Amino acid sequence: MASTTSERPTSRPTLRGPSWWGTVREAIDRPLTAYYLLLGASGLLLTIGLIMVLSASSVYAYRVTGNSYAIVEKQLMWVAIGLPVAFIASRMRRDWLRRLTWPAMGLAILLLGLTHTPLGVRVNGNTNWLALGPFQVQPSEVAKLAVILWAAHIYARKDRRLTSWHQIIMPVVPGVLLVAALIVMQHDLGTALVVFAILIGMLWAIGAPGRLFGFALAVIGVAALYLANSNTERQQRLFNFIDPFKDYQDAGWQPAHGLYALSTGGLFGQGIGASQQKWGDLPEAHTDFIFAVLGEELGLVGTMLVLALFLTIAYAAIRVASHTKDPFVRYATFGITIWLIGQMMINVGMVLAVMPVIGIPLPLISYGGSALLPSLAALGILIGFARSEPQAARALAARKRRRTAGLSAPTSRRGS
């Protein structure tokens, strides 16, 4: 008796496209990712900074000069100068950059010393500005980048000898301490603490022993407390930053109004130009406390965007540092990242009243050419490092060949 068997349909494999996480991972792993992240995040931060300087300074500029655009016009001038500087820094050969480290360090020390001469200009209690003809510059901002490149150059030369305490300390630690001392003599404790943070970060990058970190942090902490208590204004800032409303009419005025600005911003902000605190209640609205105006006008979304862009720069820079085989690139990249991200954290901490007000600008956002030019030069250096990665350099060369072939193809067809 014949038996019939039912035929079962054969199952076909389901074709699935790549998951979203796989697509993101593929994009992140591309050779030019760090280059484009640095370029894009820096450009967006600079654009946001110009918009916020225009908004935050308009009332103050009109009151002082009669022109609401006076301050943003100066910032545009500094951007016009800084962008070519960043481009040159991104294309500079690495050996030439290293040759400039010692002259840059010497120039920074000279300029810091000149602030203690009649050329020095006193602003807000600090003699940290230098009058050079029609311009006033802040040498301590230039010194930050000079210290990083100089220390990176020295540590790169001694890369295989950094197991000795003597090789770690000399001459970098005395040189950085000299720069910090000159800044402290200007009564600018905030910038001196940033320089100390750069030193600690550089020591961490070279793998210094933990005991050295403990000793350095102890010395810096004791020195900072002593210097803070030696000045009445610093003492008020140190003890009132946790509760600025306790001394609302005096030392707490600026941080309290910074909190007012952030609290009224809500999720999406009041809109660009709609800040109320910039009308006179918030001191330094376009410089040290521009993040408060940004939060008031762009809300939580705007502040998180700015923080995300800084973290993007940090991620891309750390990727460059971790992929390179050149110790100078690794140390310089870590130093620049610690400087920019650390200064951002200090500035945001001041506005959020979780740190004392120590007069630190927000990189790329706050008004000021002395801070903007070194920051753009540093980012240009990072972009240059990202371009020079072997895989990134090959990808850029291949792209250039394709463009050249695409441009020459129509000509060859016409000629044939």
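The values are calculated or read from the model by the stated rules, or taken from the named source; none is laboratory data. For clarity, every value in this text was computed on a predicted model and none was experimentally measured. FYI the Cβ positions are ideal-geometry reconstructions off the backbone, even for glycines, and counts take in every protein chain you see.
Data for the structure
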{"quantity": "Single residue of the range 7-48 satisfying the filter (among the hydroxyl-bearing types (S, T, Y) and either in contact with a helix residue (DSSP H, G or I) (Cβ under 7 Å, 6 or more places away or on another chain) or surrounded by 14 or more Cβ atoms within 10 Å (Cβ to Cβ) (or both)) that is modelled with the lowest pLDDT", "calculated": "T33"}
{"quantity": "Single residue of Y260, Y226, Y248 found to be hydroxyl-bearing (S, T, Y), over 23 Å from the mean Cα position of the chain (by Cα) and modelled with pLDDT of 85 or more", "calculated": "Y260"}
{"quantity": "Count of residues meeting criterion [assigned to a helix (DSSP H, G or I), of a type in the set (G, A, S) and loosely packed, with under 12 Cβ neighbours inside 10 Å] in the range 66-81", "calculated": "1"}
{"quantity": "Any chance A314 is aliphatic (A, V, I, L, M), within 27 Å of Y35 (Cβ to Cβ) and modelled with pLDDT of 95 or more", "calculated": "yes"}
{"quantity": "In the range 271-319, residue nearest to A151 (Cα to Cα) [restricted to those that are among the polar types (S, T, N, Q) and outside any helix (DSSP H, G or I)]", "calculated": "T287"}
{"quantity": "Residue match in the range 122-139 (condition: part of a helix (DSSP H, G or I) and closer than 30 Å to M185 by Cα)", "calculated": "yes"}
{"quantity": "Residue in the range 82-102 that is surrounded by the fewest Cβ atoms within 10 Å (Cβ to Cβ), counting only those that are part of a helix (DSSP H, G or I) and of a type in the set (A, V, I, L, M)", "calculated": "I88"}
{"quantity": "Number of positions in the range 284-299 that are within 10 Å of V53 (Cβ to Cβ) and surrounded by fewer than 24 Cβ atoms within 10 Å (Cβ to Cβ)", "calculated": "1"}
{"quantity": "Test: residue in the range 134-147 that is among the small types (G, A, S) and within 23 Å of T324 (Cβ to Cβ)", "calculated": "yes"}
{"quantity": "Whichever residue in the range 169-189 is under 20 Å from the mean Cα position of the chain (by Cα) and either among the aromatic types (F, W, Y) or part of a helix (DSSP H, G or I) (or both) and, among such residues, is nearest to G359 (Cα to Cα)", "calculated": "L189"}
{"quantity": "Pair list, Cβ < 7 Å and 6+ apart or interchain, from the range 213-227 residues that are closer than 15 Å to A180 by Cβ to residues that are of a type in the set (V, I, T) and at pLDDT 75 or above", "calculated": "A216/I200; L227/V184"}
{"quantity": "So L307, is it surrounded by fewer than 23 Cβ atoms within 10 Å (Cβ to Cβ), within 13 Å of the chain's Cα centre (by Cα) and over 19 Å from L199 (Cα atoms)", "calculated": "yes"}
{"quantity": "Verdict on H116 being under 19 Å from I358 (Cβ atoms) and not in a helix (DSSP H, G or I)", "calculated": "no"}
{"quantity": "Residue satisfying all of: in the range 328-345; surrounded by 21 or more Cβ atoms within 10 Å (Cβ to Cβ) and of a type in the set (V, I, T); farthest from the chain's Cα centre (by Cα) among these", "calculated": "V329"}
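A quick yes/no check of all residues on (1) modelled with pLDDT of 90 or more; (2) in a helix (DSSP H, G or I); (3) under 23 Å from L373 (Cβ atoms); (4) touching a Gly at 6+ places or on another chain (Cβ under 8 Å):
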residue	(1), (2), (3), (4)
A321	yes, yes, no, no
V329	yes, yes, yes, no
G335	yes, yes, yes, yes
M345	yes, yes, yes, no
V348	yes, yes, yes, no
P356	no, no, no, no
G359	no, no, yes, yes
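Matching residues to (1) touching a residue at least 24 places away in the same chain (Cβ under 8 Å); (2) touching a Cys at 6+ places or on another chain (Cβ under 7 Å); (3) of a type in the set (F, W, Y):
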site: F310; (1), (2), (3): yes, no, yes
site: A314; (1), (2), (3): yes, no, no
site: T324; (1), (2), (3): yes, no, no
site: R330; (1), (2), (3): yes, no, no
site: I336; (1), (2), (3): yes, no, no
site: G342; (1), (2), (3): yes, no, no
site: M345; (1), (2), (3): no, no, no
site: V348; (1), (2), (3): yes, no, no
site: A371; (1), (2), (3): yes, no, no
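Yes or no, residue by residue, for (1) surrounded by 15 or more Cβ atoms within 10 Å (Cβ to Cβ); (2) modelled with pLDDT of 85 or more; (3) closer than 18 Å to A152 by Cβ:
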{"residue": "L182", "(1), (2), (3)": "yes, yes, no"}
{"residue": "T191", "(1), (2), (3)": "yes, yes, no"}
{"residue": "V194", "(1), (2), (3)": "yes, yes, yes"}
{"residue": "G210", "(1), (2), (3)": "no, no, no"}
{"residue": "F213", "(1), (2), (3)": "no, no, no"}
{"residue": "N240", "(1), (2), (3)": "yes, no, no"}
{"residue": "D243", "(1), (2), (3)": "no, no, no"}
